[in-house]
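The values are calculated or read from the model by the stated rules, or taken from the named source; none is laboratory data. The model shown is predicted, which means the values in this text are computed figures rather than measured ones. Using ideal geometry, Cβ is built from the backbone for each residue, glycine included, and neighbour counts are taken over all protein chains shown. In case anyone asks, the SASA skips ligands and DNA or RNA and just uses the protein heavy atoms, side chains included. Shrake-Rupley method; radii C 1.70, N 1.55, O 1.52, S 1.80 Å.
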Amino acid sequence: MYIKLKNDNPVNLRNLLTFLDENSIKYFKILDENYIKIALLYIPKIFDFNSFKKFEAFIEVFDISKQYKLVSREFKNQDTIIDIKGHKIGGDNFMYIAGPCSVENKDMLNKIAQKAKSNGAVALRGGAYKPRTSPYDFQGLGEEGLKYLREVADENNLLVVTEAMDTENLDLVCKYTDIIQIGARNMQNFSLLKKLGDINKPILLKRGLSATINEFLMSAEYIIAHGNRNVILCERGIRTFETMTRNTLDINAIALIKEESHLPIIIDASHGTGKRTLVEPITLAGVIAGANGAMVEVHENPECALSDGPQSLNFEMFDNLSKKLEKTLLFRKELKNL
Ligand code: PEP
Ligand code: MN
């Protein structure tokens, strides 16, 4: 159950919250369009909802029709805006993230970071722990890669986005990163999702390879229900019968999730297409569909990349995309005002 409260008097609000504490009711509280909304996460078996009526702040008890609750617009209509060291994502705030698939060495990372910065990216991505299909493929540099990411990002005034693959390496990844990426293959790793609830850093949750939109939102629900409300969704394509692209990027999902959820969602056309020539048009399409950010894989020499070379942009393509992205964002603003 959920309750809606007036937010005009702190004393009245405090009285009701104290009542919840006294009755051992666990809750999750947010501000939404000048109201306080409270999700009652644990209610004792014998509890009379009429007892709320005596409180000045109380407006109504309501229910949410969807399976996902805290991520839904039924619970919170206002867009969630996440502030990461002064860089915002959500609402009208767009976040551009670029970098190699894997951190290979410090020098390559530094060249890509400088390029990313000059092209308007605010965050540097790169995997230090890589979930590879083959055990014989490059698995990432581990902590050495995390150190390079932190150093290079700091030198270039960028945020770090990198993947945590399991509960064991989560604390280590947290030490170095600003945003924790949870990869497609881990979208339904529920023990990991629960642990992310305790983490004080935003989570970039990628859609699973064959996850429905409902399942995707339910995974975000796990993280929020366990205490971390800073979740950024990432549409990175799903597996379909199509074989000419690595995945099929689900543009529908971007527009639909914007309707269904207050959380920011970004587009990753690198994994969504698997083909560098498609990254520009599909990124721009995702932006028009409403994405709150874009993530792209970039490499100075993609033919020699240790992972995901075929989908990595070279510097010239990255420059072109970045120019068009800026124009597309302006165009989107115009469309909104039509
Ligand atoms: C990546 O971002 O390099 C990656 C492994 O992504 P995904 O989990 O979407 O495959
Ligand atoms: Mn990759």
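Considering (1) out of contact with any Pro (no Cβ under 9 Å at 6 or more places or on another chain); (2) under 21 Å from Lys66 (Cβ atoms), the lone condition that Gly237 does not fulfil carries the number (2).
Would you point out which residue out of Asn200, Asn214 is within 23 Å of Ile97 (Cα to Cα), surrounded by fewer than 20 Cβ atoms within 10 Å (Cβ to Cβ) and out of contact with any helix residue (DSSP H, G or I) (no Cβ under 8 Å at 6 or more places or on another chain)? So that I can check it myself, show each step before the final result.
Numbers: Asn214 fails: within 23 Å of Ile97 (Cα to Cα).
Result: Asn200 is the single residue among Asn200, Asn214 that is within 23 Å of Ile97 (Cα to Cα), surrounded by fewer than 20 Cβ atoms within 10 Å (Cβ to Cβ) and out of contact with any helix residue (DSSP H, G or I) (no Cβ under 8 Å at 6 or more places or on another chain).
Tell me whether region 176-186 contains one or more residues that are open to solvent by 40 Å² or more (accessible area, probe 1.4 Å), closer than 26 Å to Leu263 by Cα and out of contact with any Gly (no Cβ under 7 Å at 6 or more places or on another chain). Within region 176-186, one or more residues are open to solvent by 40 Å² or more (accessible area, probe 1.4 Å), closer than 26 Å to Leu263 by Cα and out of contact with any Gly (no Cβ under 7 Å at 6 or more places or on another chain). Look at region 37-66: where a residue is without any contact (Cβ under 8 Å) to a residue 12 or more places away in the chain and a partner is open to solvent by 40 Å² or more (accessible area, probe 1.4 Å), sitting 6+ places away or on another chain with Cβ atoms under 8 Å, you get Ser65/Glu74.
As a summary of the residue check, Thr18 satisfies the conditions (1) closer than 18 Å to Phe62 by Cβ; (2) part of a helix (DSSP H, G or I) except for the one numbered (1). Among residues of region 296-312 being buried (at least 24 other Cβ atoms within 10 Å of the Cβ) and more than 10 Å from ligand 2 (Cβ to nearest atom), the one that is farthest from Gly272 (Cα to Cα) is His299. Of the listed requirements (1) within 16 Å of ligand 2 (Cβ to nearest atom); (2) touching a residue at least 40 places away in the same chain (Cβ under 8 Å), Gln78 misses just one: (1). Residues in region 1-58 that are open to solvent by 30 Å² or more (accessible area, probe 1.4 Å) and within 20 Å of Asn77 (Cβ to Cβ): Met1, Lys4, Lys6, Asn7, Asp8, Tyr27, Lys29, Leu31, Glu33, Asn34, Tyr35, Phe58. The residue list Ile267, Ile288 contains one member that is at pLDDT 95 or above and either within 16 Å of ligand 2 (Cβ to nearest atom) or within 15 Å of the chain's Cα centre (by Cα) (or both), which is Ile267. Restricting region 122-142 to residues that are in contact with a helix residue (DSSP H, G or I) (Cβ under 6 Å, 6 or more places away or on another chain) and within 10 Å of ligand 1 (Cβ to nearest atom) leaves a set whose member that is modelled with the lowest pLDDT is Pro131. Filtered by the rule that a residue be of a type in the set (S, T, N, Q), more than 25 Å from Phe315 (Cα to Cα) and crowded, with 24+ Cβ neighbours inside 10 Å, region 231-280 gives a lone residue, Ser261.
For Leu193, indicate whether it is surrounded by fewer than 20 Cβ atoms within 10 Å (Cβ to Cβ) and aliphatic (A, V, I, L, M).
Spelling it out, it is not the case that Leu193 is surrounded by fewer than 20 Cβ atoms within 10 Å (Cβ to Cβ) and aliphatic (A, V, I, L, M).
With respect to Val152, determine if the residue is more than 22 Å from Thr133 (Cα to Cα), part of a strand (DSSP E or B) and either touching a residue at least 24 places away in the same chain (Cβ under 8 Å) or open to solvent by less than 10 Å² (accessible area, probe 1.4 Å) (or both). Judged against the criteria, Val152 is not a match.
In region 97-122, the qualifying residues are those that are open to solvent by less than 10 Å² (accessible area, probe 1.4 Å) and not hydrophobic (A, V, I, L, M, F, W, C), and the one that is farthest from ligand 2 (Cβ to nearest atom) is Gly99.
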